[in-house]
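Remarks on the structure that follows.
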Amino acid sequence: MDARAMAAVLDRIPYTRELGLVLDAAGDGEVRMTLPDQDATRNLVGTVHAGALFAFGETVAGVAAGLQTLDHAFPFARGARIRYAHPAAGLVRGLARVSPAEATRVLEEVDRDGRSELRVLVVLQDSHEKTVAELEVDYAFRPVGGK
């Protein structure tokens, strides 16, 4: 799936649309997204709310997990861990990678076994490229359309 098609998928999801998430780049197994600076994602002290960081990070991971697989296998989040490193102020950028080899493995396992699993690592950084959080998100894949 190309970046334009994935952006269209994100736009159909009310929650991600409301957060104003921007898909900056998607290709060659790498996804870069932005969580804009907005009042709706801030906490009482004016930094980005921990829940907004988590939701953003899981979305970045989900896009990375589905970028090369979504036409044949759907990723369902089954667990996640987040480590908050520093308070985030302003916009936040997210980066996740799923190698073509990992995507191929997932698709082969789904074709053979009807399921697969994948862990996606995400780094969230502020506008000064300081890491504000890191996530590990575990996905289970199932065939699209119940094949």
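Read-outs throughout are calculated quantities, based only on the coordinates presented, and are distinct from any laboratory measurement. Remember, it's a predicted structure, so these values are computed and weren't measured experimentally. For neighbour counting, all protein chains shown are included, and Cβ atoms are generated from backbone atoms with ideal geometry for every residue, glycine included.
What does the net charge come to around A96 if you take all other residues with beta carbon closer than 9 Å to its beta carbon, with K and R at +1 and D and E at -1?
Numbers: positive: R32, R97; negative: E30.
With Lys, Arg at +1 and Asp, Glu at -1, the net is +1.
The sum of -39500 (n - 2.57) across all DSSP H runs of n ≥ 4, divided by the residue count of the chain, sets its helix-only mean residue ellipticity at 222 nm to -10000 deg cm²/dmol.
Spin-label model, D24 to Q38: label points 7 Å out along the Cα-to-beta-carbon direction sit 1.7 nm apart.
With the cut-off at under 18 Å, measuring from each backbone N in the stretch 108-125 to a point 7 Å along the Cα-to-Cβ line of D71 picks out 108-112. Of the residues T131, G46, L67, the one whose Cα sits farthest towards the positive end of the charge dipole of the chain is G46 (charges of +1 on Lys and Arg Cβ, -1 on Asp and Glu Cβ, taken about the Cα centre). When the chain is treated as a Gaussian network with alpha carbon springs shorter than 10 Å, the biggest mean-square fluctuation among A103, A40, A88 belongs to A40. Across Q38, Q125, Q68, mean-square fluctuation computed from a Gaussian network of the chain (C-alpha pairs under 10 Å connected) peaks at Q38.
Three principal axis extents of the chain based on alpha-carbon atoms, in descending order, are 50, 27, 23 Å. Between A5 and H86, the FRET efficiency estimated from the beta carbon spacing at R0 = 25 angstrom works out to 0.15.
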